[in-house]
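Nothing in this text is a laboratory measurement; each read-out follows from the coordinates by a stated rule. Because the structure is predicted, anything quoted here is derived from the model rather than measured. No Cβ is skipped: glycine too gets one built from the backbone with ideal geometry, and neighbour counts run over all protein chains shown.
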Amino acid sequence: MAAGYVSAGIRRRGLMLVLSSPSGAGKSTIARNLLESDHALGLSVSVTTRARRGSEIEGVHYRFVSRREFERLRDDDALLEWAEVHGNFYATPREPVEAAMSEGRDMLFDIDWQGALQLKEKMRADIVSIFILPPSMAELKRRLKRRAEDADDVIERRLENARVEIEHWRDYDYVVVNRDLDAAFTEVKAIVTAERLRRDRNPGLFDFVSSLLDEKPD
């Protein structure tokens, strides 16, 4: 499916797919799999003041900036949303998102609940929000430990913050429990397909239906 179209020749609005979850619940893996399997979906690359992890690539996973640069972007109104998480700042740059939406392209946002609420305040009609839940807190802790990217005290802080984040599950359009990664990924893909087919996201259908009704079969 080409970006901006529900089917060949029918123009539709792009959507902003928001994925949120506590750290370790599988959001980033699901987002990566979506991007690899769905070429109609582009990633909104966030900026962050967090230090880059060894597995991360500048400009692919995040744009890593200093706190001073972040403050400049915020003060220049160059950010659609921003939040402080685990002592670091994260934000969505305005310019690439507005360019994508004007071209009818779908964008994926891997952001936390604070950023999701800010985006909804500004662009509610374009948002499809999904919250990914872990099957249990014990499993969440195991996943964080298996990731082996954070010290024990950081993992404990992430678990404490996870309880706060999970409280916001009601603010999302959809909730997926990630008991099994393949099953959760299939559910998220089904949500994206259904949302792309919504009548109100497909203004080109008006012209299509009019031409269909005007058609005189031989």
Mean-square fluctuation maximum in Gaussian network of the chain, Cα pairs under 10 Å, restricted to MET107, MET123, MET16, hits MET123
Taking a crude spin-label model, label points 7 Å out from Cα along the C-beta direction, the ARG157 to GLU84 distance in nm is 1.2
One would report the Cα pair-distance distribution of the chain, bin width 10 Å, in %, as 8, 31, 35, 17, 6, 2, 1, 0
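Can you give the FRET efficiency for VAL164 and GLU121, using 1/(1 + (r/R0)^6), R0 = 22 Å, r = Cβ-Cβ distance, to the nearest 0.05?
Details: r = 20 Å, r/R0 = 0.90.
Efficiency, from the Cβ-Cβ distance: 0.65.
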Excluding residues fewer than 8 positions from LYS145 in its own chain, the aspartates and glutamates with Cα under 17 Å of it are ASP153, GLU156, GLU160
Final fewest-first order of LEU140, LEU79, LEU212 on the 10 Å Cβ neighbour count is LEU212, LEU79, LEU140
Placing each pseudo-label 7 Å from Cα in the direction of the beta carbon, GLU69 and ARG53 end up separated by a distance in nanometres of 2.1
